[in-house]
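Peer 1: One structure follows; several queries about it will come next.
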Amino acid sequence: MGVIDKFKLDGRVAVVTGAAQGLGRAMAQALAEAGASIAIPDINGDRAQQAADEIAALGVRTLAMTCDVADRSQVSEMVAQVRNELGGLDILVNNAGIVRWAPAEEMSWEDWQDVIRVNVGGVFLCSQAAAGHMLAEGRGSIINIASMSAFIINHPQAQTSYNASKAAVVHLTKSLAAEWAARGIRVNAIAPGYMNTPMARPYFEQSQYWDNWIGRTPMGRPGEPEELGPAVVFLASDASSFMTGATLIIDGGYSIW
């Protein structure tokens, strides 16, 4: 097999949670361009369907569904539907996540629990459900979307719960990788920095955020969602066949200063 062929995903089925928009949408697009069928479970079913319809134009099979990744029964139903309608489950990208900004002394217990429930609990539940199929097949790739916030403390916003949740994702990635490596499942993570998404864009227009976020980024710009695509294809494909438990930091150099 030639080196370029190792990146191809023809015949494989990928689930990208929270891919109705933003980073997840761009990663789903990249996996589809590499040949994978794409399932998009998202809390917003209408947007998921729109994204799936757009990706289907590439000539791959797609499936959209409404799913709360932190609800065990919904996750179980999602995996069953993917297997029934797309014929398997080879790749899982745990992208769905939320953030709450509040000083630690003021953060409500409800907000703390919501962030941990989705960002950590959702990653575990989806990984557990997908592994039930992957272990039986003896192969699979799980890619968790962490954040550079697992390694640094963001400024000026206060987001203790988010930082803690993403640090947990990095260690969860290592833990699952260690348990499943000998049984054919690879588990890796991507840790993005500040990205030019619709949710972040309004903050870039405010000097306090631009100066602290982009001014502290050696490359001097936010990342584009499409720049995560090649990395997720690499981790999903045979090109990374001897790689597990690793986290790729893609932050324009922010965390090196």
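Taken together, the values in this text are just the output of simple stated rules run on the coordinates, not laboratory data. All values derive from a computational prediction rather than experimental measurement. In this analysis, Cβ positions are derived from the backbone assuming ideal geometry, glycine residues included, and neighbour counts consider all displayed protein chains.
Peer 1: For Ile142, which sequence-distant residues (separation of 5 or more, or a different chain) have an amide H within less than 5 Å of its own amide H, given hydrogens modelled in the peptide plane?
Peer 2: Leu92, Arg186, Val187, Asn188
Peer 1: With springs connecting C-alpha atoms under 10 Å apart, model the chain as a Gaussian network and identify which of Trp210, Trp112, Trp180 has the largest mean-square fluctuation.
Peer 2: For the chain, modelled as a Gaussian network with Cα springs under 10 Å, the answer is Trp210.
Peer 1: Now, a different point. To the nearest 20 debye, what is the magnitude of the charge dipole of region 23-107 about its Cα centre, counting +1 on the Cβ of each Lys and Arg and -1 on the Cβ of each Asp and Glu?
Peer 2: Magnitude of the dipole: close to 200 debye.
Peer 1: Also, I was wondering about something else. List the residues whose amide H sits under 5 Å from the amide H of Ile38, counting only those 5 or more places along or on another chain, with H placed 1.01 Å from N in the peptide plane.
Peer 2: Amide H neighbours of Ile38, under 5 Å, 5+ apart: Ala14, Arg61, Thr62, Leu63.
Peer 1: Name the residue, out of Ser240, Ser73, Ser147, whose mean-square fluctuation peaks in a Gaussian network model built on the chain with Cα pairs under 10 Å.
Peer 2: Answer for the Gaussian network model of the chain: Ser73.
Peer 1: While we're looking at this one, here's another question. In nm, what is the difference between 0.36 nm times the number of residues separating Arg61 and Met1 and their Cα-Cα distance?
Peer 2: Fully extending the segment from Arg61 to Met1 adds 19.1 nm.
Peer 1: Going by C-beta contacts inside 10 Å, put His171, His133 in order with the fewest on the left.
Peer 2: With the fewest neighbours first, His171, His133 line up as His171, His133.
Peer 1: With a 10 Å Cβ neighbour count serving as the proxy for reagent exposure, in which order, fewest first, do Ser37, Ser255 appear?
Peer 2: Ser255, Ser37
Peer 1: In whole Hz, with x marking every Gly and Pro, tabulate ³J(HN,Hα) for region 5-21 from phi via Karplus 6.51 cos²θ - 1.76 cosθ + 1.60, θ = phi - 60°.
Peer 2: Per residue, the Karplus-derived 3J(HN,Hα) values read 4, 5, 8, 6, 10, 4, x, 9, 10, 10, 10, 10, 6, x, 9, 5, 7 Hz.
Peer 1: Oh, and also: Tally Lys and Arg at +1 and Asp and Glu at -1 over the other residues with C-beta under 14 Å from the C-beta of Thr173: what net charge comes out?
Peer 2: Neighbour charge sum, excluding Thr173 itself: +2.
Peer 1: Quick check: pseudo-label points 7 Å beyond the Cα along Cα→Cβ at Phe204 and Asp53, how many nm apart are they?
Peer 2: Going from the Phe204 label point to the Asp53 one covers 2.8 nm.
Peer 1: Need one number: nm distance between label points at Glu106 and Asn196, each 7 Å from Cα along Cα→Cβ, rounded to one decimal.
Peer 2: So the two model labels end up 3.2 nm from each other.
Peer 1: What helices does the chain hold that run 15 Å or longer along their axis, going by alpha-carbon atoms, with a Kyte-Doolittle average of 0.0 or more, using DSSP H for the helix calls?
Peer 2: 22-33, 122-137, 160-180
Peer 1: Put +1 on the Cβ of every Lys and Arg and -1 on every Asp and Glu Cβ in region 80-188; which of Val99, Ala164, Trp180 then has its Cα farthest towards the positive end of the dipole?
Peer 2: Trp180
Peer 1: Under a Cβ-only charge scheme (Lys and Arg +1, Asp and Glu -1), can you give me the dipole magnitude of the chain about the Cα centre, in debye to the nearest 20?
Peer 2: 620 debye
Peer 1: Additional query: Rounded to the nearest Å, what's the spacing between the alpha carbon centres of region 158-190 and region 215-248? Just the number, please.
Peer 2: 15 Å
Peer 1: Right, here's the next one. Just add up the charged neighbours of Val99: K/R +1, D/E -1, any other residue whose Cβ is under 12 Å from the Cβ of Val99.
Peer 2: 0
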